[in-house]
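Peer 1: My questions all concern the structure below.
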Amino acid sequence: MTFDALASQTQIETVKSNLSQRGVQVEVLADGASALQRIQSMIPAGASVLTGSSLTLTQMGFEDLLKSGEHPWNNLKDELLKAPMEQQYELRRQGTLADFFIASVHAVCETGEVLIASASGSQLPAYAFSSPNVIWVAGTQKIVPTLETGLQRVREYSLPAEDTAQKEMGRPGSFIGKTLIFEREAPYLGRNIH
């Protein structure tokens, strides 16, 4: 199976329906520019924002916007990266409490599950519980038929791509340390998952 083909309109509608039934608010936007505008409209001035490592956010210009400082938010990633290495671990923990956590995912299953893999797991608390507002930005190429196929996409497509990207930055590479399978959001938590 190829994991970079765009999904059909039928697959998109199936995912939209199944995610909505699981407490995820879904919006289908035309392109990265539209997604960038939508994200900007969702975050109020003064809100704290943390992003997970995401090629999608980089490609659509969100990371550049954050780095530019030309926004009304508190960019926690800037604070984290400026801190001495020995303080970054604690700042990462605190960052999971950001008002808005924005990242991508590795697979979205037509059956409604969402998969996120991580080497360290540092971003998983925000996805799963601690951030009151989570915004996922994902292209339709991440849609797969089943949870099993989603795990296959994570291991056979996402991991090799991330490993290569890490090595190109002079780092030792990547691995899957932890995988989150997001099944549904509990309504009583009062979180907004988009």
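The values are calculated or read from the model by the stated rules, or taken from the named source; none is laboratory data. All values reported here derive from a predicted model rather than from experimental measurement. A quick note on method: Cβ atoms are made from the backbone with ideal geometry, for glycine too, and the neighbour counts reach across all protein chains shown.
Peer 1: Which ones in region 105-123 are at pLDDT 95 or above, in contact with a strand residue (DSSP E or B) (Cβ under 7 Å, 6 or more places away or on another chain) and in a loop (DSSP other than H, G, I, E, B)?
Peer 2: Residues satisfying the conditions are V105, H106, E110, E113.
Peer 1: I've got another one for you. May I ask you to list the residues in region 29-54 that are in contact (Cβ under 8 Å) with a residue 12 or more places away in the chain, surrounded by 14 or more Cβ atoms within 10 Å (Cβ to Cβ) and not in a loop (DSSP other than H, G, I, E, B)?
Peer 2: G32, A35, L36, I39, M42, S48, V49, L50, T51
Peer 1: Moving on to the next point. Go over the candidates A126, A98 one by one and state the one that is of a type outside the set (D, E, K, R), in a loop (DSSP other than H, G, I, E, B), within 17 Å of the chain's Cα centre (by Cα) and modelled with pLDDT of 95 or more.
Peer 2: Selected residue: A98, the only one of A126, A98 that is of a type outside the set (D, E, K, R), in a loop (DSSP other than H, G, I, E, B), within 17 Å of the chain's Cα centre (by Cα) and modelled with pLDDT of 95 or more.
Peer 1: Suppose we keep only residues that are in contact with a helix residue (DSSP H, G or I) (Cβ under 7 Å, 6 or more places away or on another chain) and polar (S, T, N, Q) within region 1-53. Which one would you say is modelled with the highest pLDDT?
Peer 2: S48
Peer 1: Let me ask another. Might you let me know whether region 121-131 holds any residue that is of a type outside the set (A, V, I, L, M, F, W, C) and within 23 Å of D31 (Cβ to Cβ)?
Peer 2: No: region 121-131 contains no residue that is of a type outside the set (A, V, I, L, M, F, W, C) and within 23 Å of D31 (Cβ to Cβ).
Peer 1: Can you tell me which of (1) surrounded by fewer than 15 Cβ atoms within 10 Å (Cβ to Cβ); (2) over 30 Å from E148 (Cβ atoms) is the one W73 doesn't meet?
Peer 2: Of the numbered conditions (1) surrounded by fewer than 15 Cβ atoms within 10 Å (Cβ to Cβ); (2) over 30 Å from E148 (Cβ atoms), the odd one out for W73 is (1).
Peer 1: Residues in region 152-194 that are touching a residue at least 24 places away in the same chain (Cβ under 8 Å), in a helix (DSSP H, G or I), out of contact with any helix residue (DSSP H, G or I) (no Cβ under 9 Å at 6 or more places or on another chain) and over 18 Å from S120 (Cα atoms): how many?
Peer 2: 4
Peer 1: Condition (residue is surrounded by fewer than 19 Cβ atoms within 10 Å (Cβ to Cβ), small (G, A, S) and either in contact with a strand residue (DSSP E or B) (Cβ under 8 Å, 6 or more places away or on another chain) or modelled with pLDDT under 95 (or both)) applied to region 78-94: is it met by at least one residue?
Peer 2: So far as region 78-94 goes, yes, one or more of its residues are surrounded by fewer than 19 Cβ atoms within 10 Å (Cβ to Cβ), small (G, A, S) and either in contact with a strand residue (DSSP E or B) (Cβ under 8 Å, 6 or more places away or on another chain) or modelled with pLDDT under 95 (or both).
Peer 1: Anything in region 126-144 that is surrounded by fewer than 17 Cβ atoms within 10 Å (Cβ to Cβ), within 25 Å of I12 (Cα to Cα) and touching a residue at least 60 places away in the same chain (Cβ under 8 Å)? List them, or say none.
Peer 2: Passing the criteria: T140, Q141.
Peer 1: Among residues belonging to region 15-28 that are assigned to a helix (DSSP H, G or I) and out of contact with any strand residue (DSSP E or B) (no Cβ under 6 Å at 6 or more places or on another chain), point out the one that is surrounded by the most Cβ atoms within 10 Å (Cβ to Cβ).
Peer 2: Per the criteria, the residue is L19.
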